1. Going by amide H atoms built from the backbone, whose H comes under 5 Å of the H on I204, apart from near neighbours?
2. Leaving out ligands and nucleic acids, note down the accessible area per residue over the chain with a 1.4 angstrom probe, in whole Å².
3. Given a 10 angstrom Cα cut-off, can you work out which residue in G346, G306, G227 is the most mobile in a GNM of the chain?
4. For the stretch 90-189, what does the alpha-carbon gyration tensor say about shape, rounded, prolate or oblate, given a ≥ b ≥ c as the root eigenvalues, a/c under 1.5 as rounded, and a/b over b/c as prolate?
5. Let a ≥ b ≥ c be the square roots of the eigenvalues of the Cα gyration tensor of the chain; is it rounded (a/c under 1.5), or, if not, prolate (a/b larger than b/c) or oblate?
6. Would you mind calculating the relative contact order of the stretch 294-375 from Cα pairs under 8 angstrom and at least 6 residues apart, reporting the percent as a whole number?
7. Students often check this: by mean Cβ neighbours within 10 Å, which of 140-146, 282-288 ranks highest, and how do the rest follow?
8. Report, to the nearest whole %, how much of the accessible area of the chain belongs to carbon and sulfur atoms, 1.4 Å probe, protein only.
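The values are calculated or read from the model by the stated rules, or taken from the named source; none is laboratory data. Model, not experiment: these values are computed from the prediction. Reconstructed Cβ throughout: ideal geometry from the backbone, glycine too, with neighbour counts over all protein chains shown. SASA here: full protein model, heavy atoms, side chains in, ligands and nucleic acids out. Shrake-Rupley method; radii C 1.70, N 1.55, O 1.52, S 1.80 Å.
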Amino acid sequence: KMKNKIIFLVNGDSFFISHRLLIAKKLLLEGYEVHIATEFSNHRKMLSKMGFKLHNISFNKNSVNLLKTILPIFQIFFLIRKIKPRIIHLISLKPIILGGLVSLISPVNSMVISITGLGSMFIKNGIFSRIRENIFILLYRVVFLFPNFKVILQNNDDLKYLIKKANLKKNKTEIIKGSGVDLNTVKFTKIPENEPIILMACRIIGDKGILEYIKSIQYLKKYNFKGKFYLAGNIDFTNPSAIKESTINHWHQKKIVNYIGYQNDISKIIKKSTIVVLPSYREGFPKILMEAAACGRPVITTNVPGCKDAVINNITGILVPPKNYIALANAIKNLCNNKKKLKKIGKAARKHALENFDVNDVVSHHLHIYKTLEL
């Protein structure tokens with residue numbers, strides 16, 4: 001019997017591993033031939049050992065140089081012609097646009113599109129952002145002309161937006177809240193009793209609300225709040241809202257925040273923390289908020305698409321207005337000073353994670369989508 005072939009087309013291998021690996025592994029078990037087409041950093045060997053077929057695509061993921069998009073378009077075109085997959089699964093913006101356009105003229109049977117948040121284009125105002133947004137909307141509309149596809153979105157705001165603007169039909173959509181957490185390995189632990197430790201973990205870019213976090217720390221220290229503040233994550237120089245390395249080093253040297261870089265096992269750090277904060281401007285469905293809940297940690301996050309979908313306000317976390325460092329600071333202080341509330345929210349968060357963030361549910365939901373598309 002011919003194996004069904006599926007290609008995952010994704011920006012980079014580390015994102016694939018953190019957000020989609022368990023789905024791909026399950027497909028191998030179900031007898032699929034699984035191809036991963038991405039820009040590889042350092043996980044090639046590991047993925048190859050697991051039994052995936054690997055293909056390098058030069059996405060140059062944050063370059064806006066048009067010539068640099070021509071190479072990946074050809075790479076994707078020839079890859080699809082060679083493999084003739086039953087399904088191509090496109091994850092995040094560049095893969096969706098390039099892979100989607102190429103699929104319209106290629107031997108692809110069905111297409112799954114994962115929109116992992118609508119990103120910086122919906123945060124920025126100004127004429128350039130408007131133009132960019134309209135170009136992307138137009139490209140999405142063209143990709144959505146493909147006959148047999150499903151779009152997986154992470155929250156209702158993104159869903160409504162694309163239905164309204166990009167002519168997406170509701171019956172072509174599914175909402176899957178984020179990529180889930182392996183609740184067997186990420187376990188509940190009690191909140192440590194020592195002085196509060198506050199953690200923010202994300203890509204180091206302005207749109208995540210890092211400047212608000214820093215200002216809230218300075219504000220709290222001015223009023224003699226006793227606590228330790230950590231910042232974890234990769235510096236992303238190529239993002240439009242990049243933060244300079246020198247700025248981060250300055251914060252670190254001035255002991256405003258302990259910058260600890262990218263962490264392979266973030267749950268280890270979450271478990272040492274009292275609370276996790278994410279004052280982001282907009283998200284798809286943030287993995288860090290799911291991981292914090294799984295560990296039984298209260299979160300403080302912003303009342304914006306994606307973030308607000310991951311918490312029940314005042315029950316599994318606290319929502320504050322975006323771009324408001326004083327509200328963030330007060331929420332940190334009030335929560336840290338209330339041991340009883342900390343415990344209560346932590347327990348409720350774990351319960352919420354068990355009911356809503358189980359990676360096995362996410363995996364079976366994906367498999368169901370692949371199977372229904374193949375019919």
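1. N234, I235, D236
2. Working: 17680 Å² over 375 residues.
With all protein chains present, the chain gives 47 Å² per residue.
3. G227
4. oblate
5. Values: a/c = 1.89, a/b = 1.61, b/c = 1.17.
In terms of gyration-tensor shape, prolate.
6. On the way: 74 pairs, mean separation 27.4, N = 82.
Normalised by residue count, the contact order of the stretch 294-375 is 33 percent.
7. Numbers: 140-146: 16.9, 282-288: 24.1.
In decreasing order of mean packing, 140-146, 282-288 become 282-288, 140-146.
8. On the way: 9820 of 17680 Å².
Answer for the chain is 56 percent, counting heavy atoms of protein chains only.
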